[in-house]
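Structure record follows, encoded as structure tokens.
The values are calculated or read from the model by the stated rules, or taken from the named source; none is laboratory data. What you see is a predicted model; the values in this text were computed from it and never measured. Reconstructed Cβ throughout: ideal geometry from the backbone, glycine too, with neighbour counts over all protein chains shown. In case anyone asks, the SASA skips ligands and DNA or RNA and just uses the protein heavy atoms, side chains included. Shrake-Rupley method; radii C 1.70, N 1.55, O 1.52, S 1.80 Å.
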Amino acid sequence: MRRKLPIGVLVSGSGSNLQSIIDSIEQGRLDAEIKVVISNIHDAFALKRAQNHSIPTLVISHENFETREAFDEAIVRALKSNRIELVVMAGFMRIITHVLLDAYPGKIMNIHPALLPSFPGMHAQRQAVDYGAKFSGCTVHFVDSGVDSGPIIIQAVVPVLDDDTEETLSARILKEEHRIYPQAIQYFASGRIRLNNRRVMIAEGQCEMSTALHNPGLSGF
Ligand code: GRF
């Protein structure tokens with residue numbers, strides 16, 4: 001039996017990425033075990049999803065703490081007591097501090113619904129539509145002290161279509177989020193990730209595209 005990486009998932013909302021991680025584990029494609037799901041929002045639907053699969057949950061409300069650091073200390077205590085080796089932020093809507101970063105250096109992942117470094121921050125899908133980008137997508141990255149700025153592990157490219165709204169683009173991107181997040185965690189769990197400055201190298205990881213993608217497509221060029 002393969003070793004299962006003990007992970008803790010931080011959530012704030014609907015938890016569809018959490019669900020994709022749970023499903024990947026149950027299907028035997030991801031060698032991890034979710035030891036705890038921590039939410040800063042007491043009625044986040046993500047908590048229900050975890051409970052449906054008998055995964056322990058914890059609510060740690062940021063409102064009960066005077067500082068971001070004190071909130072992070074409570075999160076770290078919960079993660080350490082569960083012997084977590086990788087922290088997975090999945091729709092966790094808080095900016096973290098050095099307290100959490102220092103407790104898990106190089107061991108915190110996040111997913112962002114854009115092709116970073118384009119469109120960091122809130123409403124990334126709306127930013128892509130409003131800007132007129134022809135491609136957007138999603139990114140799984142390690143977390144550093146900036147906003148959506150850490151080393152990139154994997155990205156999926158998603159086209160922006162002429163009739164896209166924020167909602168239709170978000171839905172198309174979300175489908176890819178659900179594929180790349182479990183994959184990124186499995187890269188970590190299987191020891192395939194190597195960091196070279198801020199470039200993440202995946203052992204035997206191959207790009208699926210050999211030349212380029214065009215949107216709109218080329219006609220004879
Ligand atoms: C996702 O789009 C994720 O990229 C962003 O927040 C959203 C969370 O969705 N960080 P869910 O809670 O996983 O359904």
Give region 18-71 a look and list any residue that's surrounded by fewer than 19 Cβ atoms within 10 Å (Cβ to Cβ), in a helix (DSSP H, G or I) and hydrophobic (A, V, I, L, M, F, W, C), or say none.
F45, A70
Evaluation of Q155 against (1) within 21 Å of G205 (Cα to Cα); (2) polar (S, T, N, Q); (3) surrounded by 21 or more Cβ atoms within 10 Å (Cβ to Cβ) (one fails), failing number
(3)
Among the residues of region 64-74, is any away from the ligand (no atom under 11 Å from the Cβ), more than 24 Å from I185 (Cβ to Cβ) and touching a residue at least 40 places away in the same chain (Cβ under 8 Å)?
no
All-but-one check, M109 against (1) at pLDDT 95 or above; (2) of a type outside the set (F, W, Y); (3) more than 25 Å from I25 (Cβ to Cβ), failing number (3)
Please determine whether any residue of region 113-134 is farther than 12 Å from I173 by Cβ, open to solvent by 20 Å² or more (accessible area, probe 1.4 Å) and among the aromatic types (F, W, Y).
yes
Among (1) within 12 Å of the ligand (Cβ to nearest atom); (2) closer than 29 Å to L5 by Cβ; (3) open to solvent by 60 Å² or more (accessible area, probe 1.4 Å), where does R172 come up short?
(2)
Considering residues that are of a type in the set (A, V, I, L, M, F, W, C) and farther than 30 Å from G28 by Cβ, the number found within region 181-221 is 4
Could you please tell me which pairs satisfy a Cβ distance under 9 Å, a separation of 6+ or placement on different chains, a first residue in region 113-132 that is under 16 Å from I152 (Cβ atoms) and among the hydroxyl-bearing types (S, T, Y), and a second residue that is in a helix (DSSP H, G or I) and within 11 Å of the ligand (Cβ to nearest atom)?
S118/A124
Return the residues of region 81-107 that are under 13 Å from the mean Cα position of the chain (by Cα), more than 16 Å from the ligand (Cβ to nearest atom) and in contact (Cβ under 8 Å) with a residue 40 or more places away in the chain; say none if nothing qualifies.
L86
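Residues are listed down the side, and each one gets a yes or a no for (1) modelled with pLDDT under 95; (2) assigned by TED's automatic domain parsing to the domain that holds F92; (3) more than 15 Å from the chain's Cα centre (by Cα); (4) of a type in the set (K, R):
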| site | (1), (2), (3), (4) |
| --- | --- |
| K4 | no, yes, yes, yes |
| Q19 | no, yes, no, no |
| I38 | no, yes, no, no |
| I41 | no, yes, yes, no |
Which numbered condition M201 misses (of (1) open to solvent by 20 Å² or more (accessible area, probe 1.4 Å); (2) out of contact with any Phe, Trp or Tyr (no Cβ under 9 Å at 6 or more places or on another chain); (3) within 12 Å of the ligand (Cβ to nearest atom))
(3)
